[in-house]
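Notes follow the structure.
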Amino acid sequence: MSESTSMDRVLTTLQHREPDRVPLFLLPTIHGALHLGLPIREYFSRAEHVAEGQLRMRARYGHDCLYGFFYAAAEVEAWGAEVVFAEDGPPTTGEPFLRSRAAVATLSVPDVERTPCLARVLRAISLMKEKVGTDAPIIGVAMSPFSLPVMQMGFAQYLDLMLEEPELFDRLMKVNEEFCAAWANAQLQAGATAICYFDPVSSTTIIPPELYLRHGQPVATRTIARIHGPTATHFASGRCLPIVDAVVRTGTAVVGVGSLEDFAAAKAACRGKVTVLGNLPGIQMTHWTTAQAEDTVRQCMAAAAPGGGFILSDGHGELPLQVADETLLAIAAAVREWGRYPVHAGVARA
Amino acid sequence: MTNVASLPGKSPARPNEAAPPAVGDLVLALAAMDAPAARAVLDRTTAAPLQKAETLIVPALEVLGNDWSAGRVALSQVYVAARICERLLDDLLPPESPARRNHPRAAIAVLEDHHVLGKRIVSSVLRASGWELCDLGRLGAEELVARVRAEEIRILLVSVLLFRSALKVREVRRLLDQGDIPVRLVVGGAPFTLDPDLWRTVGADDTGCNAAAAVAAVERMAASLDGGAR
């Protein structure tokens, strides 16, 4: 019998059924520069580089998706913000471009198609789609309108705005929702299969559930309804267990779970409602042995694989560059060895 | 202010059983981000200003910090609580007050990245705990160590959000070790929470997984300087 394609595997698990094996979303980004032998800045300067990097990494590690994500700061680069490139990590945001609360009132939505940093992402997705067709999903990324302000104006200033300036907060959400829906739909149009909706501010690590229900959840519900494809909501290592039911009500199909969470409890809370994605500890992976990689994969399998509705991934959504090639190979090998269904809770090494 | 409390399904924030009952009241007021209620707790307590700070504010912030690490309260609550307490302490013990304790010179900085929330929270909690703190802002490793020398800092707190920035602590350590005067290095931020061994790997002397733990780490560093170690 021929082996399932990555797309079959993912679609089956999303239906809360067991495919041939647990799908693996490795989600490497900057590692692509290493595979092409390019400096990180040069790597991200051309769509062709990123598409080629993604294809080469999938060929090497055998994971089950391509990742259209360049770097988070691209979303504020589109609004005119500074992006800082480094040789040993992902490009990051410079100083927040909204220097005062009053500046929120004058914000206007960037034109997604005509903004070079975003157009490069769209082209990379198109190139990947040409190569992969329907064999594997391509995951696009859109920052939640509720979380984007951390890069737009800084964390502290944003929390102050949220708590003290309801009218400006509403104005900011309105502008950001327009941008997020347009950006996500452009990626789907370019060939992305699904959108990862990054929403770390909504996690209970950052705000209490009452504020999520008042702000983050309504924003997510409105925005996800406007995105013309499936979404995965990711909290980028933040906790989400206390709000899982509210997250499910936003209409998302997948929840990204961080490494600080009780993974078995997260799977139990999501079972039959949404697929769980997680929760390998990206930073700890930088000093793992291959045995640690295998053990942790086995523990994740025991916690979340039975019954489907599970995609193995890291818990943050962006792998540190310092995670070694050997570790990525060991994770992929462990998934092939221990992720083959039926998977039983006893798969974790005693 | 927004009325919020602990997370559903989680135990409410509870102080140590030996703590005065007013600490529990203050924790609840702070978790609800309710500044007037927090002030009322202090107003109805009959104690000297320094005693109010040491027996109410510091333990309450410690409870909230630990509750954040345990997932019982959110960072926004800790942030607002720290700011409320900083203002309360300034009223109780103005910065020039002789009742403020004499500490080794301490400073805090963000290394490399542009995320300053952690620094602001730790600064507020340390100040609310009676420490005077020099805020060095956001710097690279070389500039940071030059400022530490110029300001004669003995305890340096470094806050980061990004993993790449956490790795730059190694460079700070290397440069600090080239100086004649020992400087204690305390690190904190998400990468150190996600990898509990990382602070040792990068050569820090101590870490705190939340703002209250950072205060405890700074107190340990002050004690080690008093003892003349390293």
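One table, with the values for the structure above:
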| item | result |
| --- | --- |
| Tally, over the range A:176-187, of residues that are under 15 Å from the mean Cα position of the chain (by Cα) and farther than 16 Å from A:Val219 by Cα | 1 |
| Residues (surrounded by fewer than 16 Cβ atoms within 10 Å (Cβ to Cβ) and under 21 Å from B:Ala190 (Cα atoms)) located in the range B:130-153 | B:Asp135, B:Gly137, B:Gly140 |
| Positions within the range A:88-107 being at the interface with another protein chain (Cβ under 10 Å from one of its Cβ atoms) and small (Gly, Ala, Ser), in sequence order | A:Gly89, A:Gly94 |
| Condition check for A:Lys131: surrounded by fewer than 19 Cβ atoms within 10 Å (Cβ to Cβ), assigned to a helix (DSSP H, G or I), touching a residue at least 40 places away in the same chain (Cβ under 8 Å) and away from every other protein chain (no Cβ under 14 Å) | yes |
| Hey, B:Ser76 of a type in the set (Ser, Thr, Tyr) and more than 14 Å from every other protein chain (Cβ to nearest Cβ) or not | no |
| Residues within the range A:147-165 that are within 21 Å of B:Ala81 (Cβ to Cβ) and either without any contact (Cβ under 8 Å) to a residue 60 or more places away in the chain or of a type in the set (Ser, Thr, Tyr) (or both), tallied | 10 |
| Hits in the range A:90-136 (condition: closer than 15 Å to A:His49 by Cβ and hydroxyl-bearing (Ser, Thr, Tyr)) | A:Ser126 |
| So A:Thr93, is it β-branched (Val, Ile, Thr), modelled with pLDDT under 95 and over 23 Å from B:Leu117 (Cβ atoms) | no |
| Count - residues of the range A:75-97 that are hydrophobic (A, V, I, L, M, F, W, C) and either surrounded by 23 or more Cβ atoms within 10 Å (Cβ to Cβ) or without any contact (Cβ under 8 Å) to a residue 40 or more places away in the chain (or both) | 3 |
| Hits in the range B:180-205 (condition: on the phi > 0 side of the Ramachandran plot and buried (at least 21 other Cβ atoms within 10 Å of the Cβ)) | B:Gly189 |
| Meets criteria (within 14 Å of chain A (Cβ to nearest Cβ), at pLDDT below 85 and not in a helix (DSSP H, G or I)) for B:Ala19 | no |
| Condition met for A:Gly53 (crowded, with 23+ Cβ neighbours inside 10 Å and more than 30 Å from A:Glu177 (Cα to Cα)) | yes |
| Any hit, the range B:112-124, residues being over 18 Å from the mean Cα position of the chain (by Cα), more than 26 Å from A:Ile243 (Cβ to Cβ), within 14 Å of chain A (Cβ to nearest Cβ) and acidic (Asp, Glu) | yes |
| Any hit, the range A:93-105, residues being within 30 Å of A:Met162 (Cα to Cα), outside any helix (DSSP H, G or I) and touching a Ser or Thr at 6+ places or on another chain (Cβ under 6 Å) | no |
| Subset of the range A:261-285 [away from chain B (no Cβ under 11 Å) and more than 17 Å from the chain's Cα centre (by Cα)] | A:Phe263, A:Ala264, A:Ala266, A:Lys267, A:Ala268, A:Cys270, A:Arg271, A:Gly272, A:Lys273 |
| Test: residue in the range B:74-81 that is in contact with a helix residue (DSSP H, G or I) (Cβ under 8 Å, 6 or more places away or on another chain) and over 19 Å from A:Thr204 (Cα atoms) | no |
| Residue ID - nearest to A:Leu319 (Cα to Cα), chosen from residues in the range A:257-301 that are among the hydrophobic types (A, V, I, L, M, F, W, C) and assigned to a strand (DSSP E or B) | A:Leu280 |
| Residue selected from the range A:218-239 under the condition free of Cβ contacts under 8 Å to residues at least 60 places away in the same chain and within 14 Å of another protein chain (Cβ to nearest Cβ), by the criterion surrounded by the fewest Cβ atoms within 10 Å (Cβ to Cβ) | A:Arg239 |
| Wholly within the range B:135-202, helices (runs of 4 or more DSSP H) carrying at least 2 residues that are within 26 Å of B:Trp68 (Cα to Cα) | B:163-167, B:190-194, B:198-201 |
| Residues of the range A:313-350 that turn out to be over 18 Å from A:Pro281 (Cβ atoms), of a type in the set (Ser, Thr, Tyr) and in a strand (DSSP E or B), as a count | 0 |
| Positions within the range B:154-179 being surrounded by fewer than 24 Cβ atoms within 10 Å (Cβ to Cβ), free of Cβ contacts under 8 Å to residues at least 60 places away in the same chain and within 23 Å of B:Leu225 (Cβ to Cβ), in sequence order | B:Arg170, B:Glu171, B:Arg173, B:Arg174, B:Leu175, B:Leu176, B:Asp177, B:Gln178, B:Gly179 |
| In the range B:21-42, the residues that are of a type in the set (Lys, Arg) and surrounded by 21 or more Cβ atoms within 10 Å (Cβ to Cβ) | none |
| Candidate set: the range B:39-60, residues that are of a type in the set (A, V, I, L, M) and within 19 Å of the chain's Cα centre (by Cα); chosen: the one nearest to the other protein chains (Cβ to nearest Cβ) | B:Ala60 |
| Where A:Val297 falls short, out of the listed (1) aliphatic (A, V, I, L, M); (2) more than 25 Å from B:Phe192 (Cβ to Cβ); (3) surrounded by 21 or more Cβ atoms within 10 Å (Cβ to Cβ) | (2) |
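Residues checked against (1) over 20 Å from A:Thr327 (Cβ atoms); (2) out of contact with any helix residue (DSSP H, G or I) (no Cβ under 9 Å at 6 or more places or on another chain); (3) at pLDDT 95 or above:
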residue: A:His35; (1), (2), (3): no, no, yes
residue: A:Glu48; (1), (2), (3): yes, no, yes
residue: A:Gly62; (1), (2), (3): no, no, yes
residue: A:Ala105; (1), (2), (3): yes, no, no
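The values are calculated or read from the model by the stated rules, or taken from the named source; none is laboratory data. In this text the structure is predicted, and so the values were computed from the model without any measurement. Cβ atoms come from the backbone with ideal geometry, glycine included; neighbour counts cover every protein chain shown.
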